[in-house]
Amino acid sequence: MSIDADHRLLSAMRDCGTDPRVAAAARALSWSGEHGALWLAAGLVGALADRECRGAWLRATALIGAAHLASMGVKRVVRRPRPRTPAGPPLVRTAGRHSFPSSHASSAAAAAVALGGLRPAGRHLVPPLAAAMCVSRLVVGVHYPTDVAAGALLGGLTARLGARWMRGAHA
């Protein structure tokens, strides 16, 4: 994606945040995804509720944490500044100044792969919620589309690489 296309798509998505309902939903998703909180909590609740697969839930949760930490490491190396859009300031505060890759997208994609593979309900619920969280980062104006795409790729790859390890505990 060209830099110009990245900026145009971000501006279009940020413009969606002018609708108060869209902005509220995007803020809620962004807030719940801070530091992977929603996904880590879901994994821990799954471990408590599903004794049969407790080890797999805990390993899936660890993979989500690993994806988040990996994205934070990449951010420290790349140091891409957060975007500024004509639509105005971001709709949320951020924990850091750097945007590449999106840590929200990393943990969301890792959750879609890891938690989505544990139970049939997860396959239907987690991926759409993860996708919505990724889109929310554009709507609130804190990431370029390439930040989100790279974060999702990093998170999905991290969880996929750990899938065999995760399933080893799923008896």
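The values are calculated or read from the model by the stated rules, or taken from the named source; none is laboratory data. All values derive from a computational prediction rather than experimental measurement. Cβ placement follows ideal geometry from the backbone for every residue including glycine, while neighbour counts extend to all protein chains displayed. SASA here: full protein model, heavy atoms, side chains in, ligands and nucleic acids out. Shrake-Rupley method; radii C 1.70, N 1.55, O 1.52, S 1.80 Å.
Structural remarks
- Of Leu29, Leu91, Leu63, Leu10, all but one fail to be among the hydrophobic types (A, V, I, L, M, F, W, C), touching a strand residue (DSSP E or B) at 6+ places or on another chain (Cβ under 7 Å) and open to solvent by less than 50 Å² (accessible area, probe 1.4 Å); the exception is Leu10.
- Options Ala152, Ala132, Ala108: the member that is under 14 Å from the mean Cα position of the chain (by Cα), modelled with pLDDT of 90 or more, farther than 15 Å from Met72 by Cα and of a type outside the set (Val, Ile, Thr): Ala132
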